[in-house]
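Rule-based calculations on the coordinates, nothing more; no lab input. Everything numeric here is computed off the predicted structure, so don't read it as measured data. Using ideal geometry, Cβ is built from the backbone for each residue, glycine included, and neighbour counts are taken over all protein chains shown.
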Amino acid sequence: MLSEQIQQLVNRELKKYPADQKQSAVMSALRFVQDEKGWISTDDMADVADFLGMAKMAVYEVATFYHMYNLKPMGKTTLTICTNLSCTLCGAEDTVAYLKTKLGIGLGEVTADGKYGLREGECMGTCKDAPILAINNKKLCGRLTNEKIDQILAELDKS
Amino acid sequence: MIKIEIDGKLVETERGSTVMDAAHKAGVYIPHFCYHKKLSIAANCRMCLVEVEKVPKPLPACATPASDGMKVHTHSELAAKAQKGVMEFLLINHPLDCPICDQGGECQLQDIAVGYGGGVSRYTEEKRVVMSKSVGELISTNEMTRCIQCTRCVRFGQEIAGVMELGMANRSEHSEIMSFVNSTVDSELSGNMIDLCPVGALTSKPFRYTARSWELSRRKSVSPHDGLGAPLAIHIKNNKVARVVPVENEDINECWISDKDRFSYEGLNSAQRLTKPMLKQDGKWLEVEWATALEYVANGLHQISGSAGAEQIAALATPHSTLEELYLLQKLLRGMGSGNIDTRTRLSDFSADGKQAGAPWLGMPIAEINQCDRFLIVGSFLRKDHPLLAQRIRQAVKNGGEANLVHSSDDDLLMPVANKAIVVPSEILNVLAQVLKALAEEKQATLSADVQQAIGKVNVADSARAIAHSLADGKHAAVLLGNFAQQHPQASQISVICEQIAFLSNAKFGYLGEAANSVGAYLADAVPFAGDGHGMNAAEMLAKPRKAYLLLNVEPELDMHDAQQAMSAMRSADMVVALSAYKHHATEYADVLLPIAPFTETSGTFINTEGRAQSFKGAVKPLGEARPAWKVLRVLGNLMDVSGFDYDSSEAVRDEALDTAQMASKLNNHISGVPLQLNSAATVADLQRVSDVPIYYADAVVRRADSLQKTHDAASPCIILHGNELQKLGVQCGDLVTVKQGDASVSLAVAMDDRLPQGVARVAAGHQATSTLGAMFGTITVERA
């Protein structure tokens, strides 16, 4: 079962679509699940499918298609570094290397304390600030340097 | 209509149709993988690229609407180059394992690669690998690397089967076809995905590695299972049925067949096949010669009819037997002076016998179902009993139709059901009376006095009113009675009331035929009220046990309405002759077992539920000493000195049994002279039994099809109750309980289904685990074990 809070949020989304097109809310529903749990398990996908009257496989298709859905636990804070062309030209490879040594994990991995997860991401549409990283898919930090990364991590450590 | 030119040929095509449709009309072949005439357009394989004049780029023919004056070239330099390029892309990741691939020799990818591809591959990098999956016992998904992502299987699930069990997960190069978390594909139509797959990614698990397509010879046949009578192609290797695939007939099966039709051939090669006549002597079964066995039967029947009278002889046959077999069986019986013959083994209400104007049938051609816009489905486990008729209703509902359901179980029909009344079996008649009353009010029609009197006092519930409103609202309605309604103890009254409902809503009124030859059995006179009309029906034959029984394909404990009663009648009989393709339970009570040929080994005729007679020839030689039943009955007729048994072919029998010119006039669902008597609203304390016959237990052949028996639908039956009933009993799901009916009790696991009405216990019939229980309807008690 989806939590009370997620159900409320999804119901609010559903008002945006025709009553017989409930599946339109599938992406939002998956996002709410990820916001609450940090990742989306197949059980959650089945719950979303039941709630929206969709085939489970159809939800699975959506969840596995889009990159921003975490299909395994990715720590309390997921750092996603864009490695597409503009960011790479501006040094994204160095950013990844620095974060890897700093956190002691590789891409797609989570720190032992479960605090940070590191992911490679696709273009986030703000190439002017390359290289970019996104915190939990919500907050973008650009023009990254090693010092700036230290600063971001220090702030995250505090919160 | 618009005119379009394809490769210089001018064709007229409908506005809104595609270039692919027009090409089809012009007889021009455009290579394709993802396009299928029965599925939605995906345009993702890009194989059908063609050149259209005044368009700078090649266009996919399957997704390009034809427009007036359009000039299309399918073989021009541009088109050929595009097709060759696409082919090269498709082959980049496709493994070169044709020599060990089951699809080899009947593979669209192979054929089109030869016809439209280049001779060599320029790709030298690593090919991608997709891990094998398991989706159940019917479809093999061991080599998903071969998949070209056409998504035909996904669209088939969504659009035809009504349930999306396969999907394409992940993105771009990582995308692959799979089921949700390794779940099995349980659709009763799943095998069609094997036919649809243009490559060797989805192949038939039972057929796998048993033959190459060019080693197989092909014979046409007809499905002996459900009432649809799907035309089949039987593929044979070494005088053995290797597999079964559909033959297209737009009026019957379109291009699909159900899994039961496709995979039950395994039952034909079962180890349980009876291959020699057998006689029981001093409690021991001996294999004997045909002559000995038949003489024994003839002598036995002579003796019994001489000493106790011919009416002590009774014959039961399943409606899966051919027209010729049934005709000869009744002729033999009546020739001996007994009218005790019946094929309606699972029915319980025979009060309409002799009052029917003709043989009960679908009431319309099968293809007309797609044109209907309103349905009232009464008492039917629709998907499992009639997989492809359900598919047609699904399409009609998708095109704006409304389905309404009156039933005692609310299984998912995989289509939207507009209104439903799910009630205990004894309430079904009342609900229908309510619908009739509401309909009469809505249409301001006057009913005949006796009907008016019978239904005058019923209170119309909202659900019944909604159903009536839905029916009244339609232009082409259909009222269809399923197997459950026909097996119901008040089947005749249900029919009468449904006929009235159909009349008032200007609807077609039909019976969904239970078996391949349910209609044929009536036309062959294999019913007790034919002939001089002095015969016992299936229920009477058991209620007043006879001294001799002839069983044609019948397994009494599985095929009869009341298995308990049937078995006691068999055990007390002096002589039981079982004509069967299988060495079944009859060894316990029979005296003679005669091995007869199943449908692939005999010629015969089935008349399907729309009244279409389809004759077929034997595809393979009978196994061992098994013989076609019509020949066995012919010899028995001669031995019994019954006149008119000198046929030299099954066609001669058919021509005598069937007057094709008169056939249409013999199909009639009208019943007259059955009085309506609604149930008083007495509350019954006991649970009422609701029985389905699970799809893979419905007939002798499919019961022995190993792969089907491993599927979800063939799971051993549970007793299914509403959650509140579970609470009352104080048991949990999965607990074993004692289920009692009549003198017998069995131990079954409990399952919960809150969609069932309270007060019923759903216990499947047709299965060994429940075969000692009594009638398919009636009260049943459940106790904690």
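Some points to look at:
- Within 10 Å of the Cβ of each residue in A:50-61, the mean number of Cβ atoms contributed by other protein chains is 5.
- Sequence of B:128, A:31 once ranked by neighbouring C-beta atoms within 10 Å, starting from the fewest: B:128, A:31
- Gap separating the Cα centres of region A:102-149 and region B:709-785, nearest whole Å: 57 Å
- Distance between the C-alpha centres of region A:27-60 and region B:302-338: 62 Å, rounded to the whole angstrom.
- Taking one quarter of the surface of the convex hull spanned by the alpha-carbon atoms of the protein assembly as shown gives a direction-averaged projected area of 46.3 nm².
- Taking 0.36 nm per residue of sequence separation and removing the Cα-Cα distance, the residue B:14/residue B:672 pair yields an extension gain of 232.2 nm.
- Seen from residue A:23, the other residues with C-beta closer than 14 Å to its C-beta sum to a net charge of -1, counting Lys and Arg as +1 and Asp and Glu as -1.
- Förster-model FRET efficiency, 41 Å R0, residue B:785 and residue B:281, C-beta, rounded to 0.05: 0.50
- Neighbours of residue B:610, meaning other residues whose beta-carbon lies under 10 angstrom from its beta-carbon, give a summed charge of -1 when Lys and Arg score +1 and Asp and Glu score -1.
- Average Cα contact separation per residue, region B:320-433, under 8 Å, 6 or more apart, as relative contact order %: 18 percent
- Residues of region B:244-273 with amide N under 13 Å of the 7 Å Cα→Cβ point at residue B:768: B:272
- Where the alpha-carbon atoms of region B:61-151 are placed on the principal axes, they occupy 51, 31, 23 Å, in descending order.
- Projected label distance in nm at residue B:240 and residue A:156, using a 7 Å step from Cα toward the beta-carbon: 6.3 nm
- Its Cα centre serving as origin, chain B has a Cβ charge dipole (Lys and Arg +1, Asp and Glu -1) of approximately 1200 debye.
- Placing +1 on each Lys and Arg Cβ and -1 on each Asp and Glu Cβ, with no other charges, gives the protein assembly as shown a dipole about its Cα centre of roughly 1500 debye.
- Among A:57, B:560, a tally of other beta-carbon atoms within 10 Å of each Cβ gives an order, fewest to most, of A:57, B:560.
- If the convex hull is drawn through the Cα atoms of chain B, its volume per residue in Å³: 180 Å³
- For region B:414-536, the relative contact order is 26 percent, taking Cα pairs closer than 8 Å that sit 6 or more residues apart in sequence and dividing their mean separation by the residue count.
- Values of log10 I(q)/I(0), in the order q = 0.13, 0.16, 0.17, 0.22 Å⁻¹, for region A:77-158 under a Debye, Cα-only, solvent-free model: -0.33, -0.51, -0.58, -1.00
- Charge dipole (chain B, unit charges on Cβ, about Cα centre) - positive-most of B:766, B:730, B:403: B:403
- Semi-axis lengths (Å, descending) of the ellipsoid that matches the C-alpha gyration tensor of region B:216-256: 20, 10, 6
- Annotation for residue A:76 and residue B:182: the two label points, set 7 Å from Cα along the Cα-Cβ direction, are 3.4 nm apart.
- Fewest-first sequence of B:329, A:156, A:85, A:118 by Cβ atoms within 10 Å of each Cβ: A:85, A:156, A:118, B:329
- What separates the Cα centres of region B:102-172 and region B:576-642 is a distance of 42 Å.
- In range of the label at residue A:146: residues from region A:82-97 whose backbone nitrogen is under 13 Å from the point 7 Å along Cα→Cβ: A:94-97
- Sum of side-chain charges, residue A:152 neighbourhood, beta-carbon under 12 Å (Lys, Arg +1; Asp, Glu -1): +1
- Per-selection Rg to Rh, region A:1-92 - Cα, Kirkwood hydrodynamic radius: 1.06
- Whole-percent pair-distance distribution, where bins are 10 Å wide, for the alpha carbons of region B:697-785: 17, 47, 30, 7
- The lysines within cross-link reach of residue B:38, meaning a Cα-to-Cα straight distance under 20 Å and a gap of 8 or more places when in the same chain, are B:25, B:398.
- Test item: B:158-168 mean partner chain Cβ contacts at 10 Å: 3
- Hull-based mean projected area of region B:618-754, where the convex hull spans the alpha carbons, in square nanometres: 16.6 nm²
- Hull-based mean projected area of region B:584-651, where the convex hull spans the alpha carbons, in square nanometres: 6.5 nm²
- Rg and Dmax over the alpha-carbon atoms of region B:346-489 stand at 15.1, 40 Å.
- In nm, spacing of pseudo-spin labels at residue B:289 and residue A:24 (7 Å Cα→C-beta vector): 8.1 nm
- Using equal-weight Cα scatterers in the Debye expression, the normalised intensity of chain A in log10 at q = 0.08, 0.14, 0.17, 0.19 Å⁻¹ is -0.27, -0.75, -0.98, -1.10.
- Between the residues B:660, B:20, B:609, the greatest Cα displacement towards the positive end of the dipole of chain B, with unit charges on the Cβ of Lys, Arg, Asp and Glu, is found for B:20.
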